[in-house]
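The values are calculated or read from the model by the stated rules, or taken from the named source; none is laboratory data. The shown structure was predicted, so the numbers you read here are calculated from the model rather than taken from an experiment. Note that each Cβ is placed from the backbone with ideal geometry, even for glycine, and that neighbours are counted across all protein chains shown.
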Ligand SMILES: Cc1ncc(COP(=O)(O)O)c(C=O)c1O
């Protein structure tokens, strides 16, 4: 069956360096995951070197372009492997046998390797501020780990602001340790940002008015929807007309007037076009940011490029060229700084990039069934533990840990499912719910199955569906494992419920 997917394609009419930077929305007939990853072209970098913007032909630099000095050669990420390969056999996580972890903490359990988080943080140190989008994995031990490495934090709810503070972040400072980013204030969140002096990134004109009425005199950031977006799924695309996120770019002038009217000073601009996007789309944001900055003018002190950095989930996927990405933004920052006449902070706001690869969901195979031609491995974790496959058809690498003897076993095509009373409780599915198979080693009931690269949007999206408890979380640091969230008990499950006295 053929499905229509929206994608961005270079226009066939575009020729030459500047026009090579223009991309047009089109409908194509190829599922996104089968399209070859687009390289961050030399043309994009050439645009930057010439002081041109990836925004395209219609774009004119708001300020006179300056020569750009590269901090290092684009593409110099020699410490990072360019291609990933996965083994379907696994014995340990961060030096600890998986069987030992399963025995100690039970299954299903999330295990995080802190060394991988530390490495990913280091990858981004060229940016002035790395602000962790904690929605990806908000356990307070992970937040504390990031905080101690100089990472600041983004919060999207009252609960996330409280988590940041529970992990040791102070509410206010310069640059703001915590930023509240949202499209609405619920009453609890508004009270809290007002009381605590937490910096707000406003995603709607109403937020500006509501904050202005309560806390005139504040500095704020505006989240701008540049009119386009992109994500690994349409559900994670946060830009364009179909997205509820951000202030529509054409309303920026009205919002600046409104902020001024309420005595709020707009010091930051922020754009986040989607989660799990690619560098080609992320690079288009540069031009949009420069246009917005031109409208804002001298009060601008920081620009946030948002998150969205992809990670390799599939065999052969590339790591992103971070140096090239940084260079694009650093060049834009330099142009803007010279136009406004003062330094500008350059922030990046990754979620997935920092934590996805550190996380492993350790499960036990509890049944193996043959259904016609399909072999099912049924494990004790379901979409109550990891929702990405059912939500987005997301692909996670998987591996088998044999609990009986070593030795490699032959691979066979299997479907991997969970225990929930829902036919969609399948970890090997494609977008649209189509069941797929995966080549995994022959296994027996009692073997462990590890769902890998599950650190981002994994545990945080867990639910109690079918009255299943939330899984524990374990952090490995320096060869030792630490329980950072206990498995929920039955009492936890029914806490707050009550039976009224009725006949
Ligand atoms: C405002 C904002 N910033 C950052 C992120 C983090 O995105 P990612 O995990 O793709 O880096 C998100 C997630 O969609 C977001 O909505």
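Just a yes or no: is a residue in the stretch 330-341 surrounded by fewer than 19 Cβ atoms within 10 Å (Cβ to Cβ), in a loop (DSSP other than H, G, I, E, B) and in contact with a helix residue (DSSP H, G or I) (Cβ under 9 Å, 6 or more places away or on another chain)?
No: zero hits.
Which numbered condition trips up residue 316, out of (1) over 30 Å from residue 259 (Cα atoms); (2) more than 16 Å from the ligand (Cβ to nearest atom); (3) touching a helix residue (DSSP H, G or I) at 6+ places or on another chain (Cβ under 9 Å)?
Unmet condition: (3).
Quick check: anything in the stretch 288-305 assigned to a loop (DSSP other than H, G, I, E, B), in contact (Cβ under 8 Å) with a residue 12 or more places away in the chain and within 13 Å of the ligand (Cβ to nearest atom)?
Checking the stretch 288-305: at least one residue is assigned to a loop (DSSP other than H, G, I, E, B), in contact (Cβ under 8 Å) with a residue 12 or more places away in the chain and within 13 Å of the ligand (Cβ to nearest atom).
Considering only residues that are in contact with a strand residue (DSSP E or B) (Cβ under 8 Å, 6 or more places away or on another chain), more than 15 Å from the ligand (Cβ to nearest atom) and in a helix (DSSP H, G or I), which ones fall in the stretch 193-223?
193, 205, 208, 211
Are there any pairs, at least 6 apart or on different chains, whose C-beta atoms fall under 6 Å, with the first in the stretch 349-376 and within 27 Å of residue 306 (Cβ to Cβ) and the second within 16 Å of the ligand (Cβ to nearest atom) and assigned to a strand (DSSP E or B), and if so, which?
349/131; 349/133; 349/154; 349/304; 351/133; 354/132; 358/112; 359/112
Let me confirm something: among 353, 325, which residue is more than 15 Å from the chain's Cα centre (by Cα), within 16 Å of the ligand (Cβ to nearest atom) and not in a strand (DSSP E or B)?
Going through 353, 325 in turn, the sole match is 325.
Here is a check on your reading of the model: is residue 181 buried (at least 22 other Cβ atoms within 10 Å of the Cβ), within 18 Å of the chain's Cα centre (by Cα) and either within 13 Å of the ligand (Cβ to nearest atom) or assigned to a loop (DSSP other than H, G, I, E, B) (or both)?
When the stated conditions are applied, residue 181 passes them.
Which of the residues that make up the stretch 102-124 are more than 16 Å from the ligand (Cβ to nearest atom) and either within 14 Å of residue 472 (Cβ to Cβ) or at pLDDT below 95 (or both)?
102, 103, 104, 105, 106, 107, 108, 109, 110, 111
For residues that are within 15 Å of the ligand (Cβ to nearest atom), out of contact with any strand residue (DSSP E or B) (no Cβ under 7 Å at 6 or more places or on another chain) and free of Cβ contacts under 8 Å to residues at least 60 places away in the same chain, tally how many sit in the stretch 135-169.
Selection size over the stretch 135-169: 2.
Restricting the stretch 361-382 to residues that are in contact with a helix residue (DSSP H, G or I) (Cβ under 8 Å, 6 or more places away or on another chain) and outside any loop (DSSP other than H, G, I, E, B), which is farthest from residue 116 (Cα to Cα)?
Here is the first cut: in the stretch 361-382, the ones in contact with a helix residue (DSSP H, G or I) (Cβ under 8 Å, 6 or more places away or on another chain) are 362, 364, 382.
Subset that is outside any loop (DSSP other than H, G, I, E, B): 362, 364.
Working: 362: 17, 364: 24 Å.
The qualifying residue farthest from residue 116 (Cα to Cα) is 364.
For the stretch 102-141, give me each residue that is over 14 Å from residue 350 (Cα atoms) and in a helix (DSSP H, G or I).
102, 103, 104, 105, 114, 115, 116, 140, 141 - these are the residues of the stretch 102-141 that are over 14 Å from residue 350 (Cα atoms) and in a helix (DSSP H, G or I).
For the stretch 238-275, give me each residue that is in a strand (DSSP E or B) and in contact (Cβ under 8 Å) with a residue 40 or more places away in the chain.
247, 265, 266, 267, 268, 269, 270, 274
Whether any residue in the stretch 383-404 is surrounded by fewer than 16 Cβ atoms within 10 Å (Cβ to Cβ), without any contact (Cβ under 8 Å) to a residue 40 or more places away in the chain and outside any strand (DSSP E or B) is what I want to check.
So far as the stretch 383-404 goes, no, none of its residues is surrounded by fewer than 16 Cβ atoms within 10 Å (Cβ to Cβ), without any contact (Cβ under 8 Å) to a residue 40 or more places away in the chain and outside any strand (DSSP E or B).
May I ask you to list pairs of residues, at least six apart or on different chains, whose Cβ atoms are under 7 Å apart, with the first in the stretch 473-495 being without any contact (Cβ under 8 Å) to a residue 40 or more places away in the chain and the second being surrounded by 13 or more Cβ atoms within 10 Å (Cβ to Cβ)?
Hits for this filter: 486/472; 488/469; 488/470; 489/469; 492/469; 493/464; 493/469.
Out of (1) buried (at least 17 other Cβ atoms within 10 Å of the Cβ); (2) part of a loop (DSSP other than H, G, I, E, B); (3) within 21 Å of the chain's Cα centre (by Cα), the odd one out for residue 419 is which?
For residue 419, the exception is condition (3).
For every residue, the table says whether it meets (1) more than 11 Å from the ligand (Cβ to nearest atom); (2) at pLDDT 90 or above.
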residue: 242; (1), (2): yes, no
residue: 246; (1), (2): no, yes
residue: 251; (1), (2): yes, yes
residue: 254; (1), (2): yes, yes
residue: 262; (1), (2): yes, yes
residue: 267; (1), (2): yes, yes
residue: 274; (1), (2): no, no
residue: 277; (1), (2): no, no
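Going residue by residue through the stretch 359-367, is there one that turns out to be within 15 Å of the chain's Cα centre (by Cα) and crowded, with 24+ Cβ neighbours inside 10 Å?
Looking through the stretch 359-367, at least one residue is within 15 Å of the chain's Cα centre (by Cα) and crowded, with 24+ Cβ neighbours inside 10 Å.
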